[in-house]
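Below: one structure, written as structure tokens.
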Amino acid sequence: MIEHLKKQLVIENALTGAEYRLQPISDIQSTPEVCCQIAAICNEALVYRWCFQSLCKGDPYPPEMAVDWIASASEGWRLGTHFVYIITDAYGEVAAACDIKSAHLDRAEMGYWSSASHRGIMTNAARAVTHLADTAGFQVLYADIHPGNHRSLACIQRCGFSKVEREATIVGHLTFDRHRPQRED
Ligand SMILES: CC(C)(COP(=O)(O)OP(=O)(O)OC[C@H]1O[C@@H](n2cnc3c(N)ncnc32)[C@H](O)[C@@H]1OP(=O)(O)O)[C@@H](O)C(=O)NCCC(=O)NCCS
């Protein structure tokens, strides 16, 4: 399974046409520059609000947290337990991230964040990850999204996820599933 996921892909920003690289996070060097780039994005208003505010208890996301995140995400690739991709621009700077949060082929959660400076990359990156997941044999990918997170609600639907009725992992979140296309069988 992991050999289908452990790929580097070139993807395009849908708005600018610029090329980016999507790669397993274990393929990048955990340098101070990279950790500062990740921390800067995680402190951007939307990313902080929807992904890190409660985790960081309202304090800024520190670069040390990025160091730990890269280490645990790289371990996820080594152990085959979870799969974080990082998206870098033409200069090698971090623009976005997308992950499959478990190796449960029957049903796994997908997540993502993106810098507002790279608007136009997330849908194509997340679509690329869903296609890798298809080839790896994931049957259902899901995402649970706060009803106020309008950009994520739009993004997930551009990625082919459908709104479904099921219990949310977080009470009050809207629930989206994407089934592996039959043609991949
Ligand atoms: C959710 C998030 C990743 C969405 O980022 P985004 O920049 O809006 O997403 P995209 O790059 O896919 O889309 C940006 C624009 O490009 C357009 N676009 C993207 N891909 C496209 C495509 N393949 N074809 C045509 N247009 C496209 C979109 O329509 C959108 O246009 P708009 O800004 O005029 O609405 C970002 O807001 C974010 O990181 N939020 C905080 C973290 C978060 O909420 N994570 C998810 C938790 S559930």
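So, in the stretch 18-42, how many residues would count as being over 23 Å from Leu132 (Cβ atoms) and of a type in the set (S, T, N, Q)?
The qualifying residues number 2.
Of the residues that make up the stretch 163-175, is at least one under 21 Å from Asp106 (Cβ atoms), crowded, with 16+ Cβ neighbours inside 10 Å and under 15 Å from the mean Cα position of the chain (by Cα)?
No: the stretch 163-175 contains no residue that is under 21 Å from Asp106 (Cβ atoms), crowded, with 16+ Cβ neighbours inside 10 Å and under 15 Å from the mean Cα position of the chain (by Cα).
Of the residues that make up the stretch 91-98, is at least one touching a His at 6+ places or on another chain (Cβ under 8 Å) and within 11 Å of the ligand (Cβ to nearest atom)?
Yes: one or more hits.
Return the residues of the stretch 109-124 that are aliphatic (A, V, I, L, M) and either more than 10 Å from the chain's Cα centre (by Cα) or near the ligand (Cβ under 7 Å from one of its atoms) (or both); say none if nothing qualifies.
Ala116, Ile121, Met122
Note down all Cβ pairs under 6 Å where the first residue falls in the stretch 80-108 and is closer than 27 Å to Val140 by Cβ and among the basic types (Lys, Arg), the second is more than 16 Å from the ligand (Cβ to nearest atom) and not in a loop (DSSP other than H, G, I, E, B), and they're at least six residues apart or on different chains.
Hits for this filter: Arg107/Val140.
Out of all the residues in the stretch 6-56, which are among the hydroxyl-bearing types (Ser, Thr, Tyr) and either in a helix (DSSP H, G or I) or buried (at least 19 other Cβ atoms within 10 Å of the Cβ) (or both)?
Once the filter is applied, which keeps residues that are among the hydroxyl-bearing types (Ser, Thr, Tyr) and either in a helix (DSSP H, G or I) or buried (at least 19 other Cβ atoms within 10 Å of the Cβ) (or both), the stretch 6-56 yields Tyr20, Ser26, Tyr48.
With the checklist (1) over 24 Å from Glu167 (Cβ atoms); (2) within 14 Å of the ligand (Cβ to nearest atom); (3) more than 12 Å from the chain's Cα centre (by Cα); (4) of a type in the set (A, V, I, L, M, F, W, C) in hand, flag the one item Leu55 doesn't pass.
Looking at each condition in turn, Leu55 falls short on (1).
Of the residues Ala14, Ala39, Ala97, which is small (Gly, Ala, Ser) and touching a strand residue (DSSP E or B) at 6+ places or on another chain (Cβ under 9 Å)?
Matching residue, one of Ala14, Ala39, Ala97: Ala97.
Any residue in the stretch 64-78 that is more than 14 Å from Asn43 (Cβ to Cβ) and at pLDDT 95 or above sitting within a Cβ distance under 6 Å of a residue that is outside any helix (DSSP H, G or I) and polar (S, T, N, Q)? List the pairs, counting only those 6 or more apart or interchain.
From the stretch 64-78, the pairs are Ile70/Ser30.
The values are calculated or read from the model by the stated rules, or taken from the named source; none is laboratory data. Source: prediction; values computed, not measured. Glycine also receives a Cβ, built like all others from the backbone with ideal geometry; neighbour counts cover every protein chain displayed.
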